[in-house]
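The values are calculated or read from the model by the stated rules, or taken from the named source; none is laboratory data. Here the structure is a predicted model, which is why all the values come from computation and not from measurement. Methodologically, a virtual Cβ is constructed for each residue, glycine included, from the backbone with ideal geometry; neighbour enumeration extends over all protein chains shown. The area values use the complete protein model at the heavy-atom level, side chains included, leaving out ligands, DNA and RNA. Shrake-Rupley method; radii C 1.70, N 1.55, O 1.52, S 1.80 Å.
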Amino acid sequence: MVSSTVDHMVAITVFLAATLLFIGLFNQTIQTAVIYQRHRATATKASDLLDNMLLTPGIPINWGQNDSLPTGFGLQDPEFTQYKISSFSLMRLNSTSGTSVNYWKTGSYYSNITVGSKNFLLLSQNSVLNYSTALDLLGIRNQYGFQLTVKPIVTVSVTENRAAGPLSLSLDVYGTGFPLANAHVTYCLMTVELDGADGYPAYTTYYGTDDTDEKGSVTLSFSQVIDSDVSYALIAYAYLGGLVGVGYHERVSSGDAYAIPFVDNLSEGRVLIAHSYDIEYAIPPSAELRYNASLVYLAEDFTLREMPLESSYGRVNSSDVGVYGVVNIPTDNPGILIIPYQTGANEGGMVMMPWGVSPLAFPVVFGGDPRNQEWVATDMRQIIVGGITYQVTLALWSLEGYQVVG
């Protein structure tokens, strides 16, 4: 009798233990399945959200070309369809790839995208669209976080081989992980002329075309440059099979003094020309800079066409309070603001600013930080921005903070 009771108690204990173990395993399986479904939902949301951003222009449709806040978020160029994106809407995104800059003469901060040392895109914080506003416009605040990365597919790197007599430059053209062999290259060399008309600097342009070899490389030679002290800028467009990329390179003789453009008012196309000492020094030393700006835009044959600007030249002294140069850009078409400058008798150079991100293939990173998130869904598209081929990637994560409980 006692033995039978003990057997029953042992059997019941084993049964209960097995039942509890099964419930635990079943519960974990159910939680894993639920999380899998949530991950799938996040991935689906990422794809839908990316298409919503890229296939609608936003409200109003021209919000990228003025300083007012949109009531609907979208990046599509309103003049086109499919995955053709507005160069100006991308310019208005508050990029996280650079640190904002304060210009003490205006008392304002400017969103900063700088590529290389002398290629600036500094847009007033009054004009940029921040991440928090984008979350509200997309209707995902407190539900999802995202990061949007827009970068060119074709990379054109330029290296100086010989300084002068003749000037020799090497171009290396790459696609996504491979060289772009037999690509057509159209290039423009701009040499700075100091003490030009009326004492302001100017520039001379030289055009040419060539093709890359099987390694995606080509060497350009310019017999016009016989002095290694001549400042210049080269812009080269490479294109093959619908892929278009741009590269650029500058050489200056001005040391640490140069011009810096600030987009102060997007609606009016108002660009301020500042002395670099105003940014680099808390109490800037007195130094004068002369400039002569012009706007060029990319034509269908990949050559640059110049558009004259009113009041395009002037003088800036770093120590003059509230004094800066002003240039007004009278067009809503993407272009490049070319600013040759002179800081001394034989010192000067050239800086370039894209009007819209695409003419110089500036990258844009917008949104939150996906690092340290539990799970991130990504989706990507190939897009065209102002004729330049880009790849856009959306990283999306849920803010629910779920995990498997054992």
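Brief remarks follow.
- Residue 312 being of a type in the set (Gly, Ala, Ser), touching an Asp or Glu at 6+ places or on another chain (Cβ under 9 Å) and either at pLDDT 90 or above or on the phi < 0 side of the Ramachandran plot (or both): no
- Looking at 221, 228, just one residue is part of a strand (DSSP E or B), small (Gly, Ala, Ser) and either open to solvent by 40 Å² or more (accessible area, probe 1.4 Å) or in contact with a helix residue (DSSP H, G or I) (Cβ under 8 Å, 6 or more places away or on another chain) (or both), and that residue is 221.
- Selection from region 142-164 of residues that are assigned to a strand (DSSP E or B), more than 27 Å from residue 189 (Cα to Cα) and not small (Gly, Ala, Ser): 144, 146, 147, 148, 149, 150
- Within region 131-153, one or more residues are on the phi < 0 side of the Ramachandran plot, without any contact (Cβ under 8 Å) to a residue 24 or more places away in the chain, open to solvent by 10 Å² or more (accessible area, probe 1.4 Å) and in contact with a Lys or Arg (Cβ under 6 Å, 6 or more places away or on another chain).
- Region 274-290, residues that are open to solvent by 60 Å² or more (accessible area, probe 1.4 Å) and outside any strand (DSSP E or B): 280, 281, 282, 283, 286
- Once region 112-126 is narrowed to residues that are part of a loop (DSSP other than H, G, I, E, B) and touching a Ser or Thr at 6+ places or on another chain (Cβ under 8 Å), the residue that is farthest from residue 185 (Cα to Cα) is 126.
- Picking from residues in region 326-355 that are open to solvent by 10 Å² or more (accessible area, probe 1.4 Å) and either within 18 Å of the chain's Cα centre (by Cα) or charged (D, E, K, R) (or both), the one that is modelled with the highest pLDDT is 334.
- None of 312, 294, 318 is closer than 24 Å to residue 198 by Cα and within 23 Å of the chain's Cα centre (by Cα) except 294.
- Screening the candidates 45, 84 for the property of being among the basic types (Lys, Arg), touching a Phe, Trp or Tyr at 6+ places or on another chain (Cβ under 9 Å) and either buried (at least 21 other Cβ atoms within 10 Å of the Cβ) or more than 30 Å from residue 257 (Cβ to Cβ) (or both) yields one hit, 45.
- Some residue of region 255-273 being open to solvent by less than 20 Å² (accessible area, probe 1.4 Å), of a type outside the set (A, V, I, L, M, F, W, C) and either closer than 19 Å to residue 189 by Cα or more than 22 Å from the chain's Cα centre (by Cα) (or both): no
- Qualifying position, being closer than 19 Å to residue 124 by Cβ and assigned to a loop (DSSP other than H, G, I, E, B), among 362, 366: 362
- Members of region 297-325 found to be part of a strand (DSSP E or B) and open to solvent by 20 Å² or more (accessible area, probe 1.4 Å), listed by number: 297, 298, 305, 306, 307, 313, 315, 317
- Tallying residues that are under 23 Å from residue 139 (Cβ atoms) and within 11 Å of the chain's Cα centre (by Cα) within region 74-92 yields 2.
- One residue stands out in region 172-218 among those that are in contact with an Asp or Glu (Cβ under 8 Å, 6 or more places away or on another chain), more than 18 Å from residue 301 (Cβ to Cβ) and not in a loop (DSSP other than H, G, I, E, B): the one that is least open to solvent (accessible area, probe 1.4 Å), namely 218.
- The condition of being of a type in the set (Ser, Thr, Tyr), surrounded by 16 or more Cβ atoms within 10 Å (Cβ to Cβ) and more than 21 Å from the chain's Cα centre (by Cα) holds for only one of 168, 111, 95, that being 168.
- Cβ-Cβ contacts under 8 Å between residues 6 or more apart (or on different chains), taken from a first residue in region 371-386 that is within 17 Å of residue 76 (Cα to Cα) to a second residue that is outside any strand (DSSP E or B) and open to solvent by 50 Å² or more (accessible area, probe 1.4 Å), are listed as 381/83; 382/83; 383/83; 384/83.
- For region 382-405, filtered to residues that are in a strand (DSSP E or B) and open to solvent by 40 Å² or more (accessible area, probe 1.4 Å), the residue that is farthest from residue 48 (Cα to Cα) is 384.
- Scanning region 58-76 for residues that are touching a residue at least 24 places away in the same chain (Cβ under 8 Å) and touching a Ser or Thr at 6+ places or on another chain (Cβ under 6 Å) returns 64, 66, 67.
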